[in-house]
Amino acid sequence: MQLDFQARELTVKLVYYGPALSGKTTNLQAIHRLLVAEGRGRLMTLETRDDRTLFFDLLPLTVNTDMGLTVRIKLFTVPGQVIHNSTRRLVLQGADGVAFIADSQVNEVRANQVSFKDLRRNLRENGIDPSTMPIVIQYNKRDLPNIRSEEEIMRMASQGKERTFLATATHGIGVIDTFLGLIASAFERLESMHALSQRFGLTHRSVVHDLRDRFHQELEAPPT
Amino acid sequence: MSEPTPSDIAYAEIANLEDLIDRDSLREVCRSFYDLFGLSIRVFSVRGVLLANVHEERSICRYVNSLPSGRVACSDTVAQAQALIPTGAATATHKCFTGAVYDVLPIMYDGRQLGRIVIGPFLPSDVNEIPQTLLRVDPRLEPDRARLALAEMPRVRAQTAQRIASHLRGVLDLILFSGHRAQLTSAMHLLTVRENYRELAEKNTRLQEAFDRLKELDRLKSNFLATVSHELRTPLTSIIGYSEMLEAGIAGELSPEQGGFVETIRTKGELLLQLISSLLDLNKLERGQLKIKPEYIDPRAVLAEVKETCLPEAEKRRIKLELQWDPDMPVVQADPVRLRQILTNLLSNAIKFSKDSSKVLLRVRNAELHMSDGLEDEDDDDLDSGSLGAALMMAPERAIEFSVQDSGIGIAAPELDKIFDAFYQVDGSSTREYGGAGLGLSIAKSLVTAHHGQIRVQSEVGAGTTFFVTLPETQPDAV
């Protein structure tokens, strides 16, 4: 998080993490598509090869709150392929929250788990205790066959502390829920650490509320 | 621009417009804008640095500037227009006393103002009369002349001005976006390379530490082996010595049965001593402690001695040992003790693996040693050097080649590379049939290497094996 008192500007960094081809970039593309034009930045893709992200994608968005504070949100993706570990670690620096995009297909279990371990290791290497990082999990590709059932996912999710969402990012389904869930988790933590509500009257609820209005109504789904 | 750090790209922000924009390109864009719309344009960074300036002095400006009070009023207006900072993303307008206006457009990127574009002066289309502010600016102003000059000022409708501004904003946004992307990409390239390098360097350090630990363990092993071998040899020498004395009857006559027992004790003791000596030799060779002592020797004589040594063993199995050499054998430099050790080992192996009543051929002939096929360049990692320095490197060294050829069981091709490894046995079971600890060839190879020579093997299963030992005629480090 970056706070510019003079400009009354708060910048928050959120990272979409996950195994290769799990749909991180697709999530950002869907968010970009579903956002209203005002305050929506251009989606920047930094180097791709064969549709694979090499460095990162970046989607900036700006929200002017009622309290006169400008909240700038920067959404990043990381490259999923194993070999780009140092890039992932670089992109992860300064993150205020992570959306972990998992592949729902049963045979991708291992790839999901390897990537999640990689996330924890990279957080630690960046000097962050993974248990303090706001993380939400998205089980993407719900439209594919051979996927883990919703009941099973929810049963597993109830054992953990991360909010878990189901999505079909290619159709924009579940993408906003995940995003708003991530915003809520990240701002809850920022609130507790930096007394944002006391200083700026900013709460995670108000940010989620402001952001929800920024999406096209017809495709909006209520956040959990 | 200084090298990026990870925190520089953490939020992927544009630090400032000056660093991002190529001023020549921006000037070109502004020039084409001027050519298209006929409007003057200036671009400032948020810090007030003028990045591009394409303008032409208008007739009215020229006229006003020719009057003293007019000049003051004009420069005030221009300064105010250039200092005007619009709030938010909305266009601000600054009015000139001539009735013309300046539009000030904020350059917004990613929710932040990075600079501003000043367009004008131009005359809004709704200004039809010459304004009083112009008429009053200087007592010497001639209204008719001013009216004519003002008519030359470009007229723009409010709507058109907005469209032009939005077009310009679009073009600039694209330039900024591309520049930003290029800046981030190059920073990421650099940081990723640096991060990978740091990771590799850390791994290398860990590997080096592991390697050092292993080397230390190896040294400890060698020391242990040396100590143990030495400690074993001392009592063994006594066992052999006393057995010999018993055999010689120094402690009284032995019955034939007792004599047989004592002989077994002595011969097995000698075998054990040989094995321990081999271990010590190998250990010394591995640690590079064994130095050869080259002398001038006649290779034929050495070969003949080796034959004599192994003759009893061969005769037991009616194996014929045949000697062959070139007529003009030179005297060469080698350590006679070690050379005998090498050849005896090869010959006794040949006998061991030969069929009864067969033949083993011992040869020595003149030969050449090439740098490329020798062991000399073991530490030369430039293996692909090809013909580099061929005039020097291809020159062969004069050498002699010993060979020991048997018609025994032979060695299968995959095993050929490994037979020179210490403790290696082609077939584990052969140890019991033929005896030996698998140290002989390893020692022989080390000794040949110590002579700057080469040892190689040719073999065909069932047809026999030939070992070749090529030694240079002279030893470079001989005194």
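The values are calculated or read from the model by the stated rules, or taken from the named source; none is laboratory data. Note that this is a predicted model, so its numbers are computed, not measured. Glycine gets a Cβ as well: all are built from the backbone with ideal geometry, and neighbour counts include every protein chain shown.
Things to note:
- Taken over the stretch B:458-477, the criterion of being among the charged types (D, E, K, R) and not in a strand (DSSP E or B) is satisfied by B:Glu473, B:Asp477.
- Scanning the stretch A:96-109 for residues that are in a strand (DSSP E or B) and either surrounded by fewer than 22 Cβ atoms within 10 Å (Cβ to Cβ) or of a type in the set (A, V, I, L, M, F, W, C) (or both) returns A:Val98, A:Ala99, A:Phe100, A:Ile101, A:Ala102, A:Gln105.
- Total residues in the stretch B:308-348, condition among the aliphatic types (A, V, I, L, M) and not in a helix (DSSP H, G or I): 7
- Qualifying residue in the stretch B:203-210 (condition: within 14 Å of another protein chain (Cβ to nearest Cβ) and within 30 Å of B:Asp24 (Cβ to Cβ)): no
- Among residues of the stretch B:209-225 that are at pLDDT 90 or above, none has a beta-carbon under 6 Å from a residue that is of a type in the set (A, V, I, L, M, F, W, C) and surrounded by 10 or more Cβ atoms within 10 Å (Cβ to Cβ) at least six positions away or on a different chain.
- The single residue among B:Ile107, B:Ile60 that is touching a strand residue (DSSP E or B) at 6+ places or on another chain (Cβ under 7 Å) and surrounded by 17 or more Cβ atoms within 10 Å (Cβ to Cβ) turns out to be B:Ile107.
- Residues located in the stretch B:174-192, provided they are of a type outside the set (A, V, I, L, M, F, W, C) and either within 9 Å of chain A (Cβ to nearest Cβ) or under 24 Å from the mean Cα position of the chain (by Cα) (or both): B:His180, B:Arg181, B:Thr185, B:Ser186, B:His189, B:Thr192
- Residue match in the stretch B:139-157 (condition: more than 30 Å from B:Arg112 (Cβ to Cβ), among the charged types (D, E, K, R) and within 13 Å of chain A (Cβ to nearest Cβ)): no
- Residue within the stretch A:10-21 that is in contact (Cβ under 8 Å) with a residue 12 or more places away in the chain, away from chain B (no Cβ under 13 Å) and not in a loop (DSSP other than H, G, I, E, B) present: yes
- Residues in the stretch B:133-176 that are within 12 Å of B:Thr98 (Cβ to Cβ) and not acidic (Asp, Glu): B:Thr133, B:Leu134, B:Leu135, B:Arg136, B:Val137, B:Leu141, B:Ala146, B:Arg147, B:Ala149, B:Leu150, B:Ala151, B:Met153.
- Filtered residues of the stretch B:5-15 (kept if touching a Lys or Arg at 6+ places or on another chain (Cβ under 7 Å) and in contact (Cβ under 8 Å) with a residue 12 or more places away in the chain): B:Ala12
- Qualifying position, being assigned to a loop (DSSP other than H, G, I, E, B) and either over 16 Å from the mean Cα position of the chain (by Cα) or closer than 24 Å to A:Val71 by Cβ (or both), among A:Leu211, A:Leu182, A:Leu144, A:Leu190: A:Leu144
- Checked against the criteria, B:Val302 does not count as in a helix (DSSP H, G or I) and more than 24 Å from B:Phe467 (Cβ to Cβ).
- Residue selection: A:Glu108 fails the criterion of being touching a residue at least 12 places away in the same chain (Cβ under 8 Å), within 30 Å of A:Gly201 (Cβ to Cβ) and not small (Gly, Ala, Ser).
- When B:Gln258 is tested against (1) of a type in the set (S, T, N, Q); (2) out of contact with any Ser or Thr (no Cβ under 8 Å at 6 or more places or on another chain); (3) modelled with pLDDT under 90, just one condition goes unmet, and that condition is (3).
- Single residue of A:Gly181, A:Gly201, A:Gly172, A:Gly127 found to be at positive phi and either at pLDDT below 90 or surrounded by 22 or more Cβ atoms within 10 Å (Cβ to Cβ) (or both): A:Gly201
- Some residue of the stretch A:37-59 being crowded, with 17+ Cβ neighbours inside 10 Å, touching a Pro at 6+ places or on another chain (Cβ under 7 Å), under 17 Å from A:Thr170 (Cα atoms) and not small (Gly, Ala, Ser): yes
- Within the stretch B:293-303, considering residues that are touching a residue at least 24 places away in the same chain (Cβ under 8 Å) and surrounded by fewer than 18 Cβ atoms within 10 Å (Cβ to Cβ), the one nearest to B:Asp326 (Cα to Cα): B:Arg300
- Evaluation of B:Gln289 against the conditions (1) within 18 Å of B:Leu439 (Cα to Cα); (2) part of a helix (DSSP H, G or I) shows that the sole unmet condition is (2).
- Residue within the stretch A:125-133 that is part of a loop (DSSP other than H, G, I, E, B) and hydroxyl-bearing (Ser, Thr, Tyr) present: no
- Hits in the stretch B:398-419 - residues which are under 34 Å from the mean Cα position of the chain (by Cα) and either crowded, with 18+ Cβ neighbours inside 10 Å or of a type in the set (Val, Ile, Thr) (or both): B:Ile419
- Single residue of the stretch A:72-88 satisfying the filter (over 16 Å from the mean Cα position of the chain (by Cα) and touching a residue at least 12 places away in the same chain (Cβ under 8 Å)) that is nearest to the other protein chains (Cβ to nearest Cβ): A:Thr87
- Considering the stretch A:26-36, and only residues there that are of a type in the set (Val, Ile, Thr) and within 13 Å of A:His171 (Cα to Cα), the residue that is nearest to the other protein chains (Cβ to nearest Cβ) turns out to be A:Ile31.
- B:Gln162 falls short of the stated requirement of being closer than 30 Å to A:Leu59 by Cα and assigned to a strand (DSSP E or B).
- Check on B:Arg169, part of a helix (DSSP H, G or I), more than 14 Å from chain A (Cβ to nearest Cβ) and at negative phi: no
- One residue from A:Phe55, A:Phe100 being closer than 23 Å to A:Phe165 by Cα and touching a strand residue (DSSP E or B) at 6+ places or on another chain (Cβ under 6 Å): A:Phe100
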